[in-house]
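Some notes on the structure that comes next.
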Amino acid sequence: MKILITGGAGFIGSNFTGLMLKKYPKYKITVFDALTYASNPDTIIEFKKYPNFSFIKGDIRDIAAVDKAVSGKDAVVHFAAESHVDRSILDPGIFVDTNVRGTMNMLEAAKNHSIKKFIHISTDEVYGSVKKGKSVETDMLEPTSPYAASKTSSDLIALAYFKTFNLPVIVTRSSNNFGPYQHPEKFIPLFITNAIEGKDLPLYGDGKQVRNWIYVEDNCAAIETVFRKGKPGEVYNVGGNVEEPNILVAGTIIKQLKKPASIMKFVKDRLAHDRRYALSSAKIKKLGWKPKYTFTEALKLTINWYVINKNWWSALKGKAFKDYFKKAYK
Ligand code: NAD
Ligand code: TYD
């Protein structure tokens, strides 16, 4: 089996690639990634020790490069995307180009090369803010941010390729991931690394927004389960087992790192900030998957990882990062 993983140098994609390389030494695994600011080129260097691994530096917006990479593969797992809500508010255009057009390029190449399995990685943000209960796969899609709207478009285009062309597409919609190798612009790693550096933790609005956190290893196990057992044309929600307001997550980080509560600072809210995400994972649980980690133990592991791997994240918090933050807080 020859598998192409797009976005395999990013947070979830690199964790998933690591899992697949270890679990399936006989599969040939190729990562296709443009190595944007969000990528971890170091993980690609680590993967090179596996004889079944190869890497292509390429952009999913480039049809010819995509077509060449997909040719000769049996399956595609498509993670590559612009992934940060705050950046999509500053600059929506690249989100449409990469997430919508880029995904269409992937689907078109998959159709032309008769790919036998196409896993499209979507998100719980397609459902929009959830007042009560939990989102199920058949719920209406009501995305809020340009990021979520671009992911909704790509999710629906992927399903259209199943319905129209019978391309064996399966969609996973996971909740907020956290764990090793997540870029420090995202909430949990930003707060952990800022606390380590003795900087303030900028909590948006009243800090009572709720996210359904999942440890990245659990999400990768879910995607691997769907890869083996998922049914073409189906959508699978992948949610963690906790719903936690941001202010409580921030409090736990501060406590574990033995920092004063005064570093938590309330700042201006994000535009159209979704109040709550909550997923029902009943459907994927029928395939035999369930999360292995509690939120408490996974957060502890994650904090320890960032404490030990300061070299990795401090390199990502340089000038470009500071310039982005200045713009984001204007
Ligand atoms: P990430 O930003 O950490 O990584 C994205 C990767 O895609 C990077 O390696 C980047 O270089 C690559 N990439 C970006 N644009 C590209 C392009 N034009 N061509 C080729 N490669 C490109 O993202 P992540 O957090 O690992 O998310 C991966 C996927 O999972 C995304 O599709 C995202 O929407 C989805 N998702 C993420 C979360 C989360 O909590 N992080 C939750 C649900 C779904
Ligand atoms: P984020 O990691 O950006 O994920 P998403 O917006 O896709 O859910 O943010 C998670 C939550 O944390 C979200 O409610 C916004 C909030 N947040 C802050 O309060 N401060 C911050 O500096 C960031 C980046 C996020």
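The values are calculated or read from the model by the stated rules, or taken from the named source; none is laboratory data. Here the structure is a predicted model, which is why all the values come from computation and not from measurement. Reconstructed Cβ throughout: ideal geometry from the backbone, glycine too, with neighbour counts over all protein chains shown.
How about region 160-183: which of its residues are part of a loop (DSSP other than H, G, I, E, B) and among the aromatic types (F, W, Y)?
Quick first cut of region 160-183, residues part of a loop (DSSP other than H, G, I, E, B) only: 166-168, 175-176, 179-183.
Result: Y181, single match.
Within region 208-215, identify whether any single residue is surrounded by fewer than 19 Cβ atoms within 10 Å (Cβ to Cβ), away from ligand 1 (no atom under 15 Å from the Cβ) and over 28 Å from D323 (Cβ atoms), and answer yes or no. For region 208-215, residues surrounded by fewer than 19 Cβ atoms within 10 Å (Cβ to Cβ), away from ligand 1 (no atom under 15 Å from the Cβ) and over 28 Å from D323 (Cβ atoms): present.
Could you please let me know if Y236 is within 25 Å of P41 (Cβ to Cβ), of a type in the set (S, T, Y) and within 13 Å of ligand 1 (Cβ to nearest atom)? Spelling it out, it is not the case that Y236 is within 25 Å of P41 (Cβ to Cβ), of a type in the set (S, T, Y) and within 13 Å of ligand 1 (Cβ to nearest atom).
Please enumerate the residues belonging to region 176-213 that are in contact with a Pro (Cβ under 6 Å, 6 or more places away or on another chain) and either over 26 Å from K292 (Cβ atoms) or touching a residue at least 40 places away in the same chain (Cβ under 8 Å) (or both). Q182, T193, K208, V210, listed by residue number. Applying the selection to region 78-92, what residues are aliphatic (A, V, I, L, M) and either surrounded by fewer than 24 Cβ atoms within 10 Å (Cβ to Cβ) or near ligand 2 (Cβ under 10 Å from one of its atoms) (or both)? The answer is V85, I89, L90.
Yes/no matrix, rows are residues, columns are (1) within 11 Å of ligand 1 (Cβ to nearest atom); (2) in a helix (DSSP H, G or I); (3) under 22 Å from A320 (Cβ atoms); (4) touching a residue at least 12 places away in the same chain (Cβ under 8 Å):
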residue: D67; (1), (2), (3), (4): no, yes, no, yes
residue: R87; (1), (2), (3), (4): yes, yes, yes, yes
residue: R101; (1), (2), (3), (4): yes, yes, no, yes
residue: A109; (1), (2), (3), (4): no, yes, no, yes
residue: F118; (1), (2), (3), (4): no, no, no, yes
residue: I121; (1), (2), (3), (4): yes, no, no, yes
residue: V130; (1), (2), (3), (4): no, no, no, yes
residue: T138; (1), (2), (3), (4): no, no, no, no
residue: E142; (1), (2), (3), (4): no, no, no, yes
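Kindly evaluate I308 against the criterion of being surrounded by 16 or more Cβ atoms within 10 Å (Cβ to Cβ), more than 30 Å from E137 (Cβ to Cβ) and outside the structural domain of P168 (by TED's automatic domain parsing).
Values: surrounded by 16 or more Cβ atoms within 10 Å (Cβ to Cβ): no; more than 30 Å from E137 (Cβ to Cβ): yes; outside the structural domain of P168 (by TED's automatic domain parsing): yes.
In short, no.
The single residue among T17, T36, T30 that is on the phi < 0 side of the Ramachandran plot and buried (at least 23 other Cβ atoms within 10 Å of the Cβ) turns out to be T17. No other residue among S54, S39 is more than 16 Å from ligand 2 (Cβ to nearest atom), outside any loop (DSSP other than H, G, I, E, B) and either touching a residue at least 12 places away in the same chain (Cβ under 8 Å) or not assigned by TED's automatic domain parsing to the domain that holds G72 (or both) apart from S54.
Scanning region 6-36 for residues that are farther than 27 Å from R87 by Cα, outside any loop (DSSP other than H, G, I, E, B) and not aliphatic (A, V, I, L, M) yields G18, K22, K23, K28, T30.
Could you pull out the residue among P202, P245, P168 that is surrounded by fewer than 18 Cβ atoms within 10 Å (Cβ to Cβ) and away from ligand 1 (no atom under 13 Å from the Cβ)? It would help to see each step written out before you state the result.
Values: P202 fails: surrounded by fewer than 18 Cβ atoms within 10 Å (Cβ to Cβ); P168 fails: surrounded by fewer than 18 Cβ atoms within 10 Å (Cβ to Cβ).
On inspection, the qualifying residue turns out to be P245.
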